[in-house]
Amino acid sequence: MVYAAGRDLEPTIGTHLFVISANHGGSTFLGKALAACRSAWSLPGEADRMPGFVQPPRVESPDMPRPSKLWAASRPRMDRLAGAAGYDWPRNRKAWYFMARARDPKASVFVVHSPRALFQVDMLARHFRNARFLFMVRDPYAACEGICRSYRERHGADPASATWQGRGLEEWAAVHVVNCLARQRRNVEAHGRRGVFFTYEAMCADPERVGREIQALAPELGDLELRRRLPVKGRYDEMLTDMNARQIARLTAGQVAAFNRVFHERCDLFGHFGYEMRD
């Protein structure tokens with residue numbers, strides 16, 4: 001492993017490849033698979049959590065859910081993420097380069113993974129040389145299940161206490177997910193020519209095809225292998241597997257009903273991305 005601290009990566013990096021997917025959308029696995037390529041520089045964690053990353057201050061409110069998993073659940077937080085004020089992209093690029101690592105010092109693709117980058121695509125396209133994007137979405141019910149379960153594990157919130165402005169945790173998770181889907185639709189419409197779009201389900205069902213699409217975008221990643229075993233979030237280490245069925249099976253009828261109170265308002269997003277409502 002080669003570490004970039006003290007190296008000048010500016011003349012080395014030819015492509016900046018951004019994984020654009022909401023949290024609990026499968027992007028952690030994809031980011032790790034890309035980082036394993038010999039021609040890839042990558043970061044040891046989510047890009048906006050790297051030391052030295054300059055971003056707008058967090059928007060906190062006691063009558064809204066905590067931002068750790070639900071950062072797209074409120075308009076002020078989305079505006080904060082998408083607004084140019086508060087970011088310092090030249091400094092952020094230097095901070096990322098300093099923290100990067102690779103298998104080969106001649107690696108030329110810089111891979112960036114950060115769920116919140118979903119709202120930063122316009123800025124990333126403007127501030128990074130040869131910016132390319134991997135746009136991915138996942139079944140909304142599976143994404144919501146993962147968010148709710150992870151949120152409760154972290155915060156100890158139960159259905160009775162996790163309530164803000166008359167909405168419970170499940171409804172806020174659904175609001176977050178549909179806001180992310182809406183933003184992703186906008187991203188693909190505005191910047192699709194700079195990237196490729198695929199679903200989490202397609203990546204799991206046909207990783208070879210998705211891998212070829214990624215390699216067409218970044219030919220340097222000729223050794224990309226998606227059908228492989230990788231550790232994800234320190235919790236499991238297994239082959240690329242579609243986790244939707246097991247996650248959706250955990251949902252209660254009450255949780256699905258809570259999701260649907262939000263989802264029914266955005267049926268257009270389900271149709272656009274090819275997903276179906278569940279009873």
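Observations on the model:
- Residue match in the stretch 209-223 (condition: at pLDDT 95 or above, touching a Leu at 6+ places or on another chain (Cβ under 6 Å) and either hydroxyl-bearing (S, T, Y) or more than 21 Å from S114 (Cβ to Cβ) (or both)): yes
- Residues of the stretch 48-66 that are at pLDDT 95 or above and either more than 18 Å from the chain's Cα centre (by Cα) or part of a helix (DSSP H, G or I) (or both): P51, G52, V54.
- Residues that are closer than 14 Å to A173 by Cβ and either aliphatic (A, V, I, L, M) or in contact with a Phe, Trp or Tyr (Cβ under 7 Å, 6 or more places away or on another chain) (or both), drawn from the stretch 238-262: I248, L251, V256, A257, A258, F259, V262
- Test result for V177, in contact with a Cys (Cβ under 6 Å, 6 or more places away or on another chain), at pLDDT 95 or above and either closer than 18 Å to M78 by Cα or not in a helix (DSSP H, G or I) (or both): yes
- In the stretch 200-224, the residues that are out of contact with any helix residue (DSSP H, G or I) (no Cβ under 7 Å at 6 or more places or on another chain) and either among the β-branched types (V, I, T) or part of a loop (DSSP other than H, G, I, E, B) (or both): D206, I214, A218, P219, E220, D223
- When residues of the stretch 70-94 are limited to those that are among the hydrophobic types (A, V, I, L, M, F, W, C) and without any contact (Cβ under 8 Å) to a residue 40 or more places away in the chain, the one surrounded by the most Cβ atoms within 10 Å (Cβ to Cβ): L81
The values are calculated or read from the model by the stated rules, or taken from the named source; none is laboratory data. Everything numeric in this text was worked out from a predicted model, so none of it was measured. Reconstructed Cβ throughout: ideal geometry from the backbone, glycine too, with neighbour counts over all protein chains shown.
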